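Please see the structure below; I have some questions.
The values are calculated or read from the model by the stated rules, or taken from the named source; none is laboratory data. Just so we're clear, the structure is a prediction, and the values are computed from it rather than from any experiment. In this analysis, Cβ positions are derived from the backbone assuming ideal geometry, glycine residues included, and neighbour counts consider all displayed protein chains.
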Amino acid sequence: MSGKSVSQAKRPILRYSHTYAPYPAACLTRPSPSSDQAQSQTSIEGDILIQLSYSAAKAFVTNYYTDLQAARTKLKEYYAPTPSISWNGNDLSGGAADVEKLHTEMPAATYEVQCFDAQPLTPNGKGQCSILLTTNGYVKFGNEKDAPSRGFSETITLEPDDSTPVKFLISTQCTRFVF
């Protein structure tokens, strides 16, 4: 048996295509811009939103898929009160009850997230952005080592949680399995 702890063994495998380097502080503070400089400033602000979306999505993906594998009782905390969920073509519009039922009745699974993409959506009136998140990877249902891997793809809209400035909740989720 390897020297891994139980919590390490249950973590999903996450593979990312790239990360964004942080911007130097000089890029964030500029004198009053001319029209060309204003366009450049807007571009920098857009890049910062993309970078922030990526960072928030990476943390979300790591935590969500870990809990999806090992701590399903925590999953209801990831969802808005009335999420719109489509699970392999089935509409689940029962809110929290459907979320709990879906995740408690699903068999044990091992997830391997191959990649994800995150894009900021239009800011709301409070200066907050939602995030459009897509993930792709493989899932094995059951506890057997020889269980077949199946591809999956998820598209999720993450809405800012007003109770905390750093948390996002799933407002829409569309999950498809590739057979």
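Pick from the range 148-179 the residues that are of a type in the set (A, V, I, L, M, F, W, C) and exposed (fewer than 13 other Cβ atoms within 10 Å of the Cβ): which of them is nearest to the chain's Cα centre (by Cα)?
166
Looking at 57, 38, 118, which is the one that is at pLDDT 90 or above, out of contact with any Cys (no Cβ under 9 Å at 6 or more places or on another chain), among the aliphatic types (A, V, I, L, M) and not in a strand (DSSP E or B)? Walk me through it before giving the result.
Working: 38 fails: at pLDDT 90 or above; 118 fails: not in a strand (DSSP E or B).
Residue meeting the stated conditions: 57.
Same structure, new question: If residue 77 passes every condition in (1) in contact with a Cys (Cβ under 9 Å, 6 or more places away or on another chain); (2) in a helix (DSSP H, G or I) but one, which one does it miss?
The failed condition is (1).
Would you mind stating whether residue 125 is modelled with pLDDT of 80 or more and of a type outside the set (Lys, Arg)?
No; evaluated as a whole, the condition is false for this residue.
If you don't mind, there's one more thing I want to ask. Considering only residues of the range 93-105 that are under 17 Å from residue 64 (Cβ atoms) and of a type in the set (A, V, I, L, M), which is modelled with the lowest pLDDT?
96
OK, next. Check residue 85 against each of (1) more than 17 Å from residue 56 (Cβ to Cβ); (2) not in a strand (DSSP E or B) and name the one condition it does not meet.
All conditions pass for residue 85, except number (2).
Condition (residue is assigned to a loop (DSSP other than H, G, I, E, B), touching a residue at least 12 places away in the same chain (Cβ under 8 Å) and within 21 Å of residue 54 (Cα to Cα)) applied to the range 166-173: is it met by at least one residue?
Yes, the range 166-173 contains at least one residue that is assigned to a loop (DSSP other than H, G, I, E, B), touching a residue at least 12 places away in the same chain (Cβ under 8 Å) and within 21 Å of residue 54 (Cα to Cα).
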